[in-house]
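Participant: Please read through the structure below; I'll follow up with questions.
Please treat every number below as a calculation from the coordinates, not as lab data. Everything numeric in this text was worked out from a predicted model, so none of it was measured. No Cβ is skipped: glycine too gets one built from the backbone with ideal geometry, and neighbour counts run over all protein chains shown.
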Amino acid sequence: MISLTGTLDAVGVATTQRWLPATDTEPRTAMNTQDQQQAESQDLYLVGAHLVTERNGYVHHGIYIGSGRVIHYAGFCHTLHAAPVEETSIEQFADGHTVAVKLEPCARFVGTEAVSRARSRLGEDHYHLLTNNCEHFCTWCLLGQARSEQVETCLRHPRTAAITVLHMVRALLTGRHGGGMQAA
């Protein structure tokens, strides 16, 4: 069983969701049986939504395809190794972290068209941290152009890049891959 909590950001635009395993001991918002059944029976996000989740030193990205499923470039998602584009459950994508929708007001491809683009790359195994990562994948699916604001920020601000690398190395050494995101 998975519990779901949600909040609105300061402007009330983006809703964030937290997927918590039933064994999680963190406080959570109580949901009655009817709320739980309703959350499980309907999609919580629009098909084609750009989902993000915080990790140690970076933000992981994926495309919501409906029915609780996400397509993402799995590199650095659970380990510090490259991995292919894959379809997974939203729980596995979130890995116990907050999930939010990244609004894409200039998206050229939306809904099922964005999902079709994501599906067309399933199994692709050409992950590269600087030129073909999960954020590049999502912006290509939605905007038609592969870009990564995180990479661009690190290239413009070497100190941010160094902090990100330190967070990732710490995650590798401690055997965990969770935590917070560094501000750009």
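Participant: Mind checking segment 84-117 for trypsin sites (Lys or Arg not before Pro) that DSSP puts in a loop (not H, G, I, E or B) and that have at most 13 other Cβ atoms within 10 Å?
Facilitator: Answer by residue number: R108.
Participant: Using the Karplus curve 6.51 cos²θ - 1.76 cosθ + 1.60 with θ = phi - 60°, work out ³J(HN,Hα) for each residue of segment 44-57 in order, rounded to whole Hz, and write x for Gly and Pro.
Facilitator: 8, 10, 6, 4, x, 5, 8, 9, 9, 9, 5, 9, 6, x
Participant: Considering the alpha-carbon set of segment 52-150 alone, what are its Rg and its Dmax in angstrom?
Facilitator: My reading of the Cα-based Rg and Dmax gives 12.1, 32 Å.
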